[in-house]
Amino acid sequence: MAAQRRNISRRVRFSYATSTISMTLVLFLLGAIGFIMANIFSTTKRMRESVTMIVELKDNLTEAERDTVAVRLAESDMVASLKFVSKEEKAEDEEFKRVFNIDIKGVLGENPLPDSYDVTLSALSSDKAQLERFAEEARKIEGVSFVTYPQSFIEEMHSTLDILQFIMALFGGALLVVSFVLLNNTVRLAVYSQHELINTLKAVGATKWFIMRPFARRSALQGFFAGLIAAALLGGALYGLDYAVPSVGIFPKWEEAGFIAATMVVVGIVVATVCTLPVVNRFVNMKSNKIHLY
């Protein structure tokens with residue numbers, strides 16, 4: 001009898017060690033994919049907000065009139081930020097000089113370039129109708145002479161980013177489903193390794209909750225440790241990647257990585273507990289001579 005108990009105890013410990021490792025690997029994979037997806041979505045958001053609309057101003061506007069134009073532009077949700085660029089700055093711009101290779105003032109005797117505002121558009125610029133409406137409203141502002149923006153480029157960029165985000169969301173969703181299936185199977189096997197213990201508790205008249213409570217508590221603890229280990233592995237992987245390839249720029253994103261790591265721990269606890277209770281409940285309700293068929 002003592003040998004049998006030792007054998008069961010060893011089998012249970014081995015089962016929990018195996019299931020913890022399996023949960024750790026699945027959570028690590030989920031965390032890595034989550035970090036990648038979060039960076040992809042943040043990158044696409046930055047790209048959506050990197051398009052500039054040029055709002056050229058009429059000549060001889062006073063500073064107050066220019067400020068009024070700025071206020072009118074900033075009122076729109078389409079504007080992420082704006083910057084005033086004077087005609088003098090444009091004429092002295094090194095890129096402008098390199099492209100045209102000419103001294104405008106020397107040739108024409110004056111600077112014909114207009115003052116303007118560089119308007120950085122928000123992610124709302126993905127809506128073509130809303131963008132066109134904003135451009136038309138900007139043209140009607142008193143003091144504005146011309147409005148220009150790369151319309152075809154904006155449409156193509158937003159279309160490409162929409163497709164990319166859809167593919168990544170589809171891939172992430174599929175991986176999430178597969179991960180939950182793997183975790184569920186892992187937990188089920190871990191519980192099955194203790195079906196003899198469940199049978200024994202049922203035989204001595206233990207209530208359902210009395211049997212399920214230790215499994216729930218142990219699964220939550222198991223999910224907690226699996227999440228911690230997975231978070232440590234993810235942190236180590238990101239640190240190694242940042243050290244090996246500094247140009248990737250992971251270091252400024254440690255706050256984001258910390259949030260994902262905390263989420264991994266919480267997901268480990270919740271998933272382990274949620275997957276364990278139905279399986280234990282099924283074993284408890286199952287006839288003793290049918291458990292081996294599960």
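The values are calculated or read from the model by the stated rules, or taken from the named source; none is laboratory data. Note that the structure is a prediction, hence the values are computed from the model and not measured. Keep in mind that these areas ignore ligands, DNA and RNA; they rest on the heavy atoms of the full protein, side chains included. Shrake-Rupley method; radii C 1.70, N 1.55, O 1.52, S 1.80 Å.
Give me the accessible area of F153, 1.4 Å probe, in Å² rounded to the nearest 10.
Only protein atoms counted, so the area is about 110 Å².
Give me the compactness ratio for segment 130-198, meaning the Cα radius of gyration over 2.2 N^0.38 Å.
Cα Rg divided by the expected 2.2 N^0.38 Å: 2.42.
Just the accessible area for D67, please: 1.4 Å probe, Å², rounded to the nearest 10?
80 Å²
Exceeding 21 Å between C-alpha atoms, which entries from my cross-link table qualify? They are K45/K140; K45/K128; K58/K140; K58/K87; K83/K128.
Correct reply: K45/K140; K83/K128.
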